[in-house]
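Below: the structure, in structure tokens.
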Amino acid sequence: MATAVNGPASYFPSIEKKYGRPIAEWKELIRTSPLTKHMELVSWLKSEHGLGHGHANALVAHTLAENADE
């Protein structure tokens, strides 16, 4: 039986379907942005790329958490 995906990653399939880009591309955009604060990045994804708040928040939270682990 497959393990359920929880947290921000649970949004990834719907993000890819709705916006037509793989998650890796969204993460690269976030990582290469000159912005560094969570809500700045969320606002940028919403205004510049048309993401909804929940999707933008999930991408930023997951990407920043990965960066913190490195």
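The values are calculated or read from the model by the stated rules, or taken from the named source; none is laboratory data. What you see is a predicted model, and the numbers here were worked out from it, not measured in a lab. In this analysis, Cβ positions are derived from the backbone assuming ideal geometry, glycine residues included, and neighbour counts consider all displayed protein chains. Surface areas here come from the heavy atoms of the whole protein model, side chains and all, with no ligands, DNA or RNA. Shrake-Rupley method; radii C 1.70, N 1.55, O 1.52, S 1.80 Å.
Listing for the model above:
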{"read-out": "Estimated inter-spin distance, Asn6 and Ala68, nm [label 7 Å along Cα→Cβ]", "value": "1.7"}
{"read-out": "Rounded to whole Å, sorted largest first: equivalent-ellipsoid semi-axes of the chain, Cα gyration tensor", "value": "19, 15, 10"}
{"read-out": "Heavy-atom accessible area per residue - the chain, 1.4 Å, Å²", "value": "64"}
{"read-out": "For Leu51, distant residues with modelled amide H under 5 Å away", "value": "Lys46"}
{"read-out": "Per-residue HN-Hα couplings for segment 53-62 [Karplus 6.51, -1.76, 1.60; θ = phi - 60°; Hz; x = Gly/Pro]", "value": "4, x, 5, 4, 4, 5, 4, 5, 4, 5"}
{"read-out": "Spin-label pair Leu35/His49, simplified geometry with 7 Å Cα→Cβ offset, distance in nm", "value": "1.0"}
{"read-out": "Within the accessible area of the chain (1.4 Å probe), percent carbon and sulfur", "value": "55"}
{"read-out": "The chain: calculated mean residue ellipticity at 222 nm from DSSP helix runs of at least 4, using -39500 (n - 2.57)", "value": "-20500 deg cm²/dmol"}
